[in-house]
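Worksheet: one structure, shown below.
The values are calculated or read from the model by the stated rules, or taken from the named source; none is laboratory data. Quantities reported herein were computed from a predicted structural model and do not represent experimental measurements. Because the Cβ atoms are built from the backbone with ideal geometry, glycine has one as well, and the counts that use them run over all protein chains shown.
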Amino acid sequence: MNQAPLFGLVLAGGESRRMGRDKAALQFHGRSQVDWAFGLLSRHCARVFVSVRPAQLDDPARTSHPTIVDRHEGAGPIAGIAAAQAAHPGAAWLVVACDLPFLGDATLDTLTAARGNAAVTAFRSSHDGLPEPLCAIYEPQTRPAIEAAIAGGRHCPRKFIIQSGVPLLDQPDPTALDNVNTPDDLARAQQRLQVPGA
């Protein structure tokens, strides 16, 4: 089976309202999360980009990497996926949120190895059994449906995956996709990863 080339996208276009500071700039592994996620994806993808909002184009932490700018203001992560698909429509996209400090190569190996005929390759959440949309692979054929979802005001990538009806994968590490959204999450993650000075 001839598969589309796999490109990587670090979703770093959020406003970090719940955290109160830029999640992409948080450091758990000796460098910013956006840098760390970019490096992680670079080991699994032919090319990697950082998803940003137009207002973030003056942020050197993001723009030190190749960027793709959201075209749908206020649509959230699905806007980043749509912009990436528009920029490189022949690629499949391994999409990773920038707030996943526990994600590692083994989890991404499992995800990439599971690519087949499904439009989306995604894990089942170890917390609620629903799809994990922000560590997933979106094949090129999802582009029209994603654009239609945005045009219809349906901005939830999790619901998009549910409606696609694809089978979900079990995570090899059930905590790998635990994200860091709030100051309390940050404190727990720093303790778990034994971040110096935390």
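When HIS65, HIS44 are checked against the criterion of being modelled with pLDDT under 95 and in contact with a strand residue (DSSP E or B) (Cβ under 7 Å, 6 or more places away or on another chain), HIS65 stands alone in meeting it.
Within segment 49-63, is even one residue surrounded by fewer than 16 Cβ atoms within 10 Å (Cβ to Cβ), in a loop (DSSP other than H, G, I, E, B), under 17 Å from the mean Cα position of the chain (by Cα) and without any contact (Cβ under 8 Å) to a residue 60 or more places away in the chain?
Here is the first cut: in segment 49-63, the ones surrounded by fewer than 16 Cβ atoms within 10 Å (Cβ to Cβ) are 54-55, 57-58, 60, 63.
Applying the additional criterion that residues be in a loop (DSSP other than H, G, I, E, B) yields 57-58.
If we keep only those that are under 17 Å from the mean Cα position of the chain (by Cα) too, we end up with none.
Checking segment 49-63: not a single residue is surrounded by fewer than 16 Cβ atoms within 10 Å (Cβ to Cβ), in a loop (DSSP other than H, G, I, E, B), under 17 Å from the mean Cα position of the chain (by Cα) and without any contact (Cβ under 8 Å) to a residue 60 or more places away in the chain.
Annotation: ASN117 fulfils all but one of (1) of a type in the set (S, T, N, Q); (2) in contact (Cβ under 8 Å) with a residue 60 or more places away in the chain; (3) surrounded by 12 or more Cβ atoms within 10 Å (Cβ to Cβ); the unmet one is (3).
Kindly provide the set of residues from segment 22-48 that are surrounded by 16 or more Cβ atoms within 10 Å (Cβ to Cβ) and closer than 15 Å to SER64 by Cα, ordered by number. Of everything in segment 22-48, those that are surrounded by 16 or more Cβ atoms within 10 Å (Cβ to Cβ) and closer than 15 Å to SER64 by Cα turn out to be ALA24, ALA25, SER32, GLN33, VAL34, ASP35, TRP36, ALA37, PHE38, VAL48. For segment 120-129, taking the residues that are in a loop (DSSP other than H, G, I, E, B) and among the hydroxyl-bearing types (Ser, Thr, Tyr), the one that is surrounded by the fewest Cβ atoms within 10 Å (Cβ to Cβ) is identified as SER126.
Any idea which of GLY13, GLY8 is more than 21 Å from GLN190 (Cα to Cα), of a type in the set (Gly, Ala, Ser), surrounded by 14 or more Cβ atoms within 10 Å (Cβ to Cβ) and modelled with pLDDT under 90? The unique qualifying residue is GLY13.
Looking only at segment 130-163, which residues are assigned to a loop (DSSP other than H, G, I, E, B) and touching a residue at least 24 places away in the same chain (Cβ under 8 Å)?
First, the residues of segment 130-163 that are assigned to a loop (DSSP other than H, G, I, E, B): 130, 139, 152-156.
LEU130, GLU139, HIS155, CYS156, listed by residue number.
Taking the numbered list (1) assigned to a loop (DSSP other than H, G, I, E, B); (2) loosely packed, with under 15 Cβ neighbours inside 10 Å; (3) more than 18 Å from the chain's Cα centre (by Cα) in turn, PRO174 passes all entries but (3).
Considered as a group, the residues in segment 33-48 that are hydrophobic (A, V, I, L, M, F, W, C) and in a loop (DSSP other than H, G, I, E, B) include one that is farthest from LEU177 (Cα to Cα), and that residue is ALA46.
As a summary of the residue check, GLY13 satisfies the conditions (1) without any contact (Cβ under 8 Å) to a residue 40 or more places away in the chain; (2) farther than 17 Å from PRO101 by Cβ; (3) not charged (D, E, K, R) except for the one numbered (1).
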